[in-house]
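The values are calculated or read from the model by the stated rules, or taken from the named source; none is laboratory data. Quick caveat: nothing in here was measured; it's all calculated off a predicted structure. Cβ placement follows ideal geometry from the backbone for every residue including glycine, while neighbour counts extend to all protein chains displayed. Side chains included, ligands, DNA and RNA excluded: accessible areas come from the protein's heavy atoms. Shrake-Rupley method; radii C 1.70, N 1.55, O 1.52, S 1.80 Å.
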Amino acid sequence: MKLCSAAMAVSALACLPNEAESQNPDVVYSEYETYNGRDLELTVNDSGTHFALWSPKAQQAQVLIYESGRNTPAVDTLQMSRSERGVWRVSVPGKLYGMFYTFQVRVNGKWLSETPGVWAKAVGVNGKRAAIIDFESTNPEGWDTDKSPEIKAINDAVIYEMHHRDFSMHPSSGIANKGKFLALTESGTTSPYGDKTGIDHLKELGVTHVHILPSYDYNSVDETQLPSNQYNWGYDPYNYNVPEGSYSTNPSDPSVRIREMKQMVKALHEAGIGVIMDVVYNHTSLNDDSNFSLTAPGYYYRHKPDGSYSDASACGNETASERKQVRDYIVNSVKYWADEYHIDGFRFDLMAIHDTATMNEVARELKTIRPDIFVYGEGWTAGDSPLPIEQRALKENVSAMPQVAVFSDDIRDAVKGHYTDATDRGFATGKPGLEETVKIGIVGATAHPQVDYSKGNNSKKPYALSPTQVINYVSCHDDLTLTDKLRASLPDKDDSMRQRAAKLAQTIVFTSQGTPFLFAGEEIFRDKKGVHNSYKSPDSVNAIDWSLKQKNADLFQYYQELIKLRKEHPAFRMKTAGDVERHLVFDKKENRPGVITYMLKDNANGDSWKEIMLVFNGNDAPVDVNVPKADWLVVAQDGRLVAKGFGKSSGGKMSVAPCSALILAREK
């Protein structure tokens with residue numbers, strides 16, 4: 001869920017008030033066929049420059065041509081002609097590279113404001129005018145041979161969520177291009193203590209994919225005032241198909257942001273790291289003045305019976321993905337990012353505002369580009385919607401979307417404590433009664449005979465067809481960081497004890513079935529000074545202090561080994577619910593408050609280890625557990641974890657230290 005700025009969270013406004021058609025946009029547009037051609041907006045070829053705009057209600061349409069991206073008068077106005085299926089067209093001879101343009105339509109006798117259109121792929125500063133550029137010139141050297149890292153299934157990924165500014169802005173980052181796409185192209189950067197930062201840190205940590213917060217052109221940062229160091233997460237979309245200018249070194253040059261984002265993707269790919277893009281098609285930053293409303297008023301959004309905007313996003317509006325032209329837009333927009341920018345995955349914000357049919361088409365079409373592209377999202381809304389519940393892409397409806405995954409709020413809230421109460425404790429911080437909810441996360445929300453879903457805090461029944469449909473996490477950019485949550489819920493403990501809880505929490509996440517996801521910087525105990533909704537907080541709150549890597553070297557090493565353990569052992573990455581049911585067995589004899597014990601048996605998923613025993617102790621005191629007699633390799637014990645093992649045990653009664661995990665493995 002995204003909490004929006006005051007400017008975004010305006011009261012819903014009627015679309016073209018006092019006009020009868022605004023009361024029921026579906027009726028108005030029902031007589032028009034939608035258009036699914038790929039030539040909307042702009043095409044430049046040997047025959048000239050061609051503009052096309054879908055605007056069925058328009059009485060007139062025109063294109064205004066400019067020599068610059070802002071503050072100059074139009075040098076030409078081109079009158080468009082109505083064509084097929086609500087499309088307006090005009091062409092001029094010659095390639096107008098270097099020029100800028102806007103569309104303008106007249107509806108109900110009134111000329112609406114100028115807009116770059118909904119399909120603009122290059123824009124000037126602040127995105128007010130679209131730009132005409134040669135996209136071939138934006139490709140970095142070697143772009144044609146750029147190759148994404150291979151991945152067989154989503155749960156083979158280790159996802160690292162980051163914001164561009166958070167990752168590189170702090171003086172300790174050693175990065176020159178602070179807050180820019182290019183920050184992730186710099187190798188050899190270090191903290192003042194000599195620890196690796198930037199892309200080298202990601203490689204050292206071992207993550208497989210970075211999930212970058214919104215990187216399309218968003219509305220809240222003035223690109224002409226970058227020295228003022230404005231900050232925003234970017235959940236206020238303006239131009240969906242253009243990179244954000246503030247992350248480039250020159251937002252006034254339309255080609256620079258495009259080239260530099262491609263350079264970032266290429267550098268990450270060369271480092272063996274995939275790129276996931278956070279996308280926000282569920283709402284726009286503006287209502288009547290959005291690019292959607294300025295081309296096809298009333299069509300792209302859901303409305304209440306009185307004609308005002310419905311607001312399941314809690315940001316002023318919600319888009320209507322069930323309508324053909326909106327669905328087509330979402331599907332082809334993500335396909336464009338995958339094609340043009342080589343994006344490897346997409347995370348959908350407030351995905352349940354969209355309908356399941358749209359999400360299925362998104363996944364299906366992306367996999368025609370590359371089979372290993374994956375899609376996941378938030379399986380909830382921020383408010384009610386006129387879209388029927390059974391059609392929403394909810395967590396509870398993920399079984400209707402076999403190629404889509406959802407975040408598990410079950411494991412999140414059960415492991416660390418509920419997100420709505422900073423002081424609430426979870427399993428990893430000593431709160432009893434959450435064992436069954438944690439087990440829901442461990443089995444990847446699939447049906448399992450030993451998990452009693454009726455005792456689940458959030459979910460009361462299994463919702464995933466397979467563990468590949470679940471993203472497991474304890475924290476993300478939303479709400480408190482794990483560090484801040486532990487400080488708030490364990491006020492009487494010191495950071496050494498809180499780091500024990502952090503290790504236990506992430507051990508549960510990374511050994512559970514599903515896909516693990518972590519928030520950037522928590523591997524070095526990064527905080528946000530207790531600010532939970534830091535969407536526009538300054539860098540002093542959001543930036544990662546890389547000197548923490550030296551201070552918390554033991555924690556970083558634990559994360560490294562935890563990631564290595566998961567990557568080296570497929571038992572933690574089973575692909576089917578049937579395999580989870582067969583190979584994952586909970587120990588009923590160890591059924592007691594604050595303790596979870598289970599086995600991964602019979603070389604699960606082709607693992608070299610015949611059996612893996614895991615014990616999680618969330619209590620403040622040690623507990624004794626009975627381990628079958630065998631030659632066991634000790635992988636984790638008392639806050640230490642080494643993927644290849646660091647000790648031996650013959651089993652029998654073993655003590656599990658407070659707030660820690662015990663992991664044992666044997667090959668025979």
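Need the full-extension length gain, SER547 to THR420, defined as separation in residues times 0.36 nm minus the C-alpha distance. One decimal, nm.
Length difference between fully extended and current span is 42.7 nm.
Would you work out if region 349-428 is rounded, prolate or oblate? Take a ≥ b ≥ c from the square roots of the eigenvalues of the alpha-carbon gyration tensor; rounded if a/c is under 1.5, else prolate when a/b is larger than b/c, oblate otherwise.
oblate
With a 1.4 Å probe and all protein chains kept in place, how do MET162, MET99 rank by accessible area, largest first? Please report the intermediate quantities before stating the final value.
Working: MET162 0, MET99 45 Å².
Of MET162, MET99, the descending order of accessible area is MET99, MET162.
Using a Förster distance of 22 angstrom, determine the FRET efficiency expected from the C-beta separation of GLN560 and SER608, and round it to 0.05.
For GLN560 and SER608, the calculated efficiency is 0.60.
Take LYS147, LYS196 and sort them by solvent-accessible surface of the protein heavy atoms, 1.4 Å probe, largest at the top.
LYS147, LYS196
Taking amide H atoms as placed 1.01 Å from N in the peptide plane, list the residues 5 or more away in sequence, or in a different chain, whose amide H sits under 5 Å from that of LEU42.
ALA52
Among 420-431, 276-287, how do they line up from the highest to the lowest mean number of other beta-carbon atoms within 10 Å? Don't jump to the answer; show the numbers that get you there.
Values: 420-431: 20.0, 276-287: 24.2.
Going from most to least packed, we get 276-287, 420-431.
Quick one: grab the alpha carbon gyration tensor of region 233-332, order the square roots of its eigenvalues as a ≥ b ≥ c, and give me rounded if a/c is under 1.5, else prolate or oblate depending on whether a/b is larger than b/c.
Here region 233-332 falls in the prolate category.
Can you find, among PHE181, ALA630, PRO140, the residue sitting farthest towards the positive end of the charge dipole of the chain, where Lys and Arg contribute +1 and Asp and Glu -1 at Cβ?
ALA630
For Cα extents along the principal axes in Å, pick the label among [x] 84, 52, 44; [y] 72, 66, 63; [z] 72, 61, 51 that corresponds to the value derived from the coordinates.
Here the calculated entry is [x].
Based on the Cβ-Cβ distance of LYS152 and ARG666, what FRET efficiency does E = 1/(1 + (r/R0)^6) give at R0 = 45 Å, to the nearest 0.05?
E(calc), rounded to 0.05, equals 0.95.
Quick one: length gained pulling GLU204 to LYS648 fully straight, 0.36 nm per residue minus the C-alpha distance?
Fully extending the segment from GLU204 to LYS648 adds 157.1 nm.
What does the charge dipole of the chain about its Cα centre add up to, to the nearest 20 debye, if the Cβ of each Lys and Arg holds +1 and the Cβ of each Asp and Glu holds -1?
1460 debye
Please report, in debye to the nearest 20, how large the charge dipole of region 415-519 is about its Cα centre when each Lys and Arg carries +1 at its beta carbon and each Asp and Glu carries -1 there. Please report the intermediate quantities before stating the final value.
Details: 13 positive and 11 negative charges, 42 e Å.
Charge dipole of region 415-519: 200 debye, to the nearest 20.
For a Förster distance of 60 Å, can you work out the FRET efficiency between the beta-carbons of ASP289 and ASN457, rounded to the nearest 0.05?
Efficiency for this residue pair is about 0.90.
Quick one: length gained pulling THR72 to GLU33 fully straight, 0.36 nm per residue minus the C-alpha distance? All intermediate terms of the calculation are to be shown ahead of the outcome.
On the way: separation 39, 0.36 × 39 = 14.04 nm, distance 3.67 nm.
Length difference between fully extended and current span is 10.4 nm.
Can you classify region 32-83 as rounded, prolate or oblate using the Cα gyration tensor, where a ≥ b ≥ c are the square roots of its eigenvalues, rounded means a/c under 1.5, and otherwise it's prolate if a/b beats b/c and oblate if not? Walk me through the numbers on the way to the answer.
Details: a/c = 2.29, a/b = 1.46, b/c = 1.57.
Note, shape of region 32-83 comes out oblate.
Quick one: accessible surface of PHE135, probe radius 1.4 Å, all protein chains present, in square angstrom to the nearest 10.
About 50 Å², ignoring ligands and nucleic acids.
Hey, got the dipole for region 211-267? About the Cα centre, +1 on K and R Cβ, -1 on D and E Cβ, debye to the nearest 20?
So the dipole magnitude of region 211-267 works out to roughly 300 debye.
Identify the residues of region 275-310 with backbone N under 11 Å of a label point that sits 7 angstrom from the Cα of ASN108 along the Cα-to-Cβ direction, or state none.
Taking a point 7 Å out along Cα→Cβ of ASN108, the residues of region 275-310 whose backbone N falls under 11 Å are 297-298.
Based on DSSP H assignment, which helices of the chain show an axial Cα extent of at least 30 Å together with a mean Kyte-Doolittle hydropathy greater than or equal to 1.6?
The answer is none, since no helix passes both cut-offs.
Cross-link list LYS575/LYS668; LYS203/LYS601; LYS564/LYS610; LYS57/LYS324; LYS610/LYS648: which exceed 21 angstrom alpha carbon to alpha carbon? Could the numbers behind the result be given before it?
Values: LYS575/LYS668 24 Å; LYS203/LYS601 31 Å; LYS564/LYS610 18 Å; LYS57/LYS324 16 Å; LYS610/LYS648 16 Å.
Exceeds cut-off: LYS575/LYS668; LYS203/LYS601.
Label-point separation (nm) for VAL44 and GLN225, each offset 7 Å from Cα along Cα-to-Cβ?
Reported label-point gap for VAL44 and GLN225 is 3.2 nm.
Non-local amide H neighbours of VAL656 (under 5 Å, H modeled in plane, Pro and chain starts lacking H): which ones?
Excluding prolines and chain starts, which carry no amide H, the hits are VAL623, ASP624, VAL625.
From Cα pairs below 8 angstrom and at least 6 apart in sequence, can you work out the relative contact order of region 179-255, rounded to a whole percent?
It comes to 29 percent, rounded to a whole number.
Let me have the 222 nm mean residue ellipticity of the chain computed from DSSP H runs of 4+ only, each contributing -39500 (n - 2.57), with the sum over all residues rounded to the nearest 500.
Dividing the helical sum by the residues of the chain leaves -6000 deg cm²/dmol.
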